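These notes are about the structure you will find just below.
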Amino acid sequence: MSTSRSAELQLWGRPPHAAAKHSLLRAYLGAWFPIIAKYNRRVIYYDAFAGPGEYSNGNPRYPGSPIIALDTLLGHDYLPNMSGTEFLFLFNEKDPACGANLARLVAEMKANTPPGRRMSRWASRTRPFIEVTGEMLDDLDGRNARLAPTFSFVDPAASKPPRCRSSLA
Ligand SMILES: C[S@@+](CC[C@H](N)C(=O)[O-])C[C@H]1O[C@@H](n2cnc3c(N)ncnc32)[C@H](O)[C@@H]1O
């Protein structure tokens, strides 16, 4: 995999193992969202190594994990029954060009989603995983708050393994 390290976006092709990973992600979230929403008023999907949101191959281009997660919820048959739950999607991607491309795709999705199905909030960050995750946990500690049920997708793949603080482990 080659990722852009400059302001210039350089998408990469979706390899077969990523297609398998995405099938699992879609199937898992499709089952997890309704179950977890039944018992919780707030649910978080945290994509810590979110990528650019699409691949260079496929027609239309294959979607990346953040788009798959959003699409799984917003297109879910059971969505009307989950109206009592707020879904927060947090996407983090260190590379600025990948992050900007992802933000564009998410904004397009938002614009194309009927108001009745917009029962979620989306936020994005363009920083190293360890900083964003560390700050989130410090914030919770500082407020003595409990983290809402969270699906954390930590998918660094070809990048260096993330440094994990003991509290993250
Ligand atoms: C395997 S790709 C993510 C693919 C994406 N999860 C998907 O399935 O579509 C890994 C991404 O992590 C980003 N990345 C690398 N190091 C990072 C770090 N320390 N913090 C956040 N993102 C990082 C890379 O720029 C790359 O876009």
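The values are calculated or read from the model by the stated rules, or taken from the named source; none is laboratory data. Everything quoted here is computed from the prediction, not taken from an experiment. Heads up, the Cβs are rebuilt from the backbone with ideal geometry, glycines too, and the neighbour counts pull from every protein chain shown.
Tabulated results
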| read-out | value |
| --- | --- |
| Subset tally (residues that are in contact (Cβ under 8 Å) with a residue 60 or more places away in the chain and either touching a His at 6+ places or on another chain (Cβ under 6 Å) or away from the ligand (no atom under 11 Å from the Cβ) (or both)) for region 40-71 | 6 |
| Index of the failed condition, R121 passing every other in (1) within 15 Å of the chain's Cα centre (by Cα); (2) among the basic types (K, R); (3) surrounded by 14 or more Cβ atoms within 10 Å (Cβ to Cβ) | (3) |
| Filter result for P114 (more than 24 Å from Q10 (Cα to Cα), at pLDDT below 95 and either under 16 Å from the mean Cα position of the chain (by Cα) or more than 10 Å from the ligand (Cβ to nearest atom) (or both)) | yes |
| Evaluation of L90 against (1) over 21 Å from A27 (Cα atoms); (2) surrounded by 14 or more Cβ atoms within 10 Å (Cβ to Cβ); (3) at pLDDT 95 or above (one fails), failing number | (1) |
| Members of region 18-58 found to be of a type in the set (G, A, S), assigned to a helix (DSSP H, G or I) and buried (at least 21 other Cβ atoms within 10 Å of the Cβ), listed by number | A37 |
| In region 98-116, the residues that are under 18 Å from Y62 (Cα atoms) and either in contact (Cβ under 8 Å) with a residue 60 or more places away in the chain or hydrophobic (A, V, I, L, M, F, W, C) (or both) | C98, A100, N101, L102, A103, L105, V106, A107, M109 |
| Criterion: in contact with a helix residue (DSSP H, G or I) (Cβ under 7 Å, 6 or more places away or on another chain) and either assigned to a strand (DSSP E or B) or at positive phi (or both) - qualifying residue of S124, S152 | S124 |
| A19 vs. criteria out of contact with any Cys (no Cβ under 7 Å at 6 or more places or on another chain) and over 22 Å from P115 (Cβ atoms) | yes |
